[in-house]
Amino acid sequence: MCLADRFAQRIPTTKEQQNLRECGLGFKKVSIASNATPQEVLDLLQTAFPKLHQSGGFEYLKADSSKRLYAIPLPEGGYTGQNLKGYGIQGKIYLRPIQADLDKEKSQVDHQSDDEILQECRSCHQMIPQTRLREHILHCGYNER
């Protein structure tokens, strides 16, 4: 799960989880191979959660039985597939931005089908499903003639 608030201390409520999901954050299943390098782990997570690029770094968290979040110690060199599995992290992990809260605007990209064609918006440079591009540019501020 990717959180939006850099100061989040508890797992999100059901309503907050729904809001996160609508803006392209929230729970997603990401498979990380045991032999994944730190860069490959980072790339996988930033592909699953593109808004992480805005975060200025992020940390990995687990939740305890009282739903409080705690940081998973960062190994020297970064998280690899092997050391994530070594921490027993096969369940839910939470990604919390460090320097900046993530944008909570609803994401249209995450509701696409796998075979839908994407086009880059010339204003915000997001990849938008072609079937939603016209609606997107009306709200994005694209104004080229």
Return only the number of the condition from (1) without any contact (Cβ under 8 Å) to a residue 60 or more places away in the chain; (2) more than 30 Å from M127 (Cα to Cα); (3) of a type outside the set (D, E, K, R); (4) open to solvent by 30 Å² or more (accessible area, probe 1.4 Å) that Q9 does not satisfy. (1)
Within the stretch 117-142, take every residue that is of a type in the set (K, R) and either within 22 Å of F49 (Cβ to Cβ) or touching a helix residue (DSSP H, G or I) at 6+ places or on another chain (Cβ under 9 Å) (or both) and give me the one that is surrounded by the fewest Cβ atoms within 10 Å (Cβ to Cβ). R122
Would you check if Y70 is at pLDDT 85 or above and aromatic (F, W, Y)? yes
Sort out which residues of the stretch 50-65 are of a type in the set (D, E, K, R) and free of Cβ contacts under 8 Å to residues at least 24 places away in the same chain, and write them in order of number. D64
Which of the residues belonging to the stretch 15-39 are among the charged types (D, E, K, R), over 16 Å from L61 (Cβ atoms) and either buried (at least 19 other Cβ atoms within 10 Å of the Cβ) or modelled with pLDDT under 90 (or both)? R21, E22, K29
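The values are calculated or read from the model by the stated rules, or taken from the named source; none is laboratory data. A quick note: this is a predicted structure, and the numbers were derived from the prediction, not measured. Please note: Cβ atoms are built from the backbone with ideal geometry, for glycine as well, and neighbour counts cover all protein chains shown. Side chains included, ligands, DNA and RNA excluded: accessible areas come from the protein's heavy atoms. Shrake-Rupley method; radii C 1.70, N 1.55, O 1.52, S 1.80 Å.
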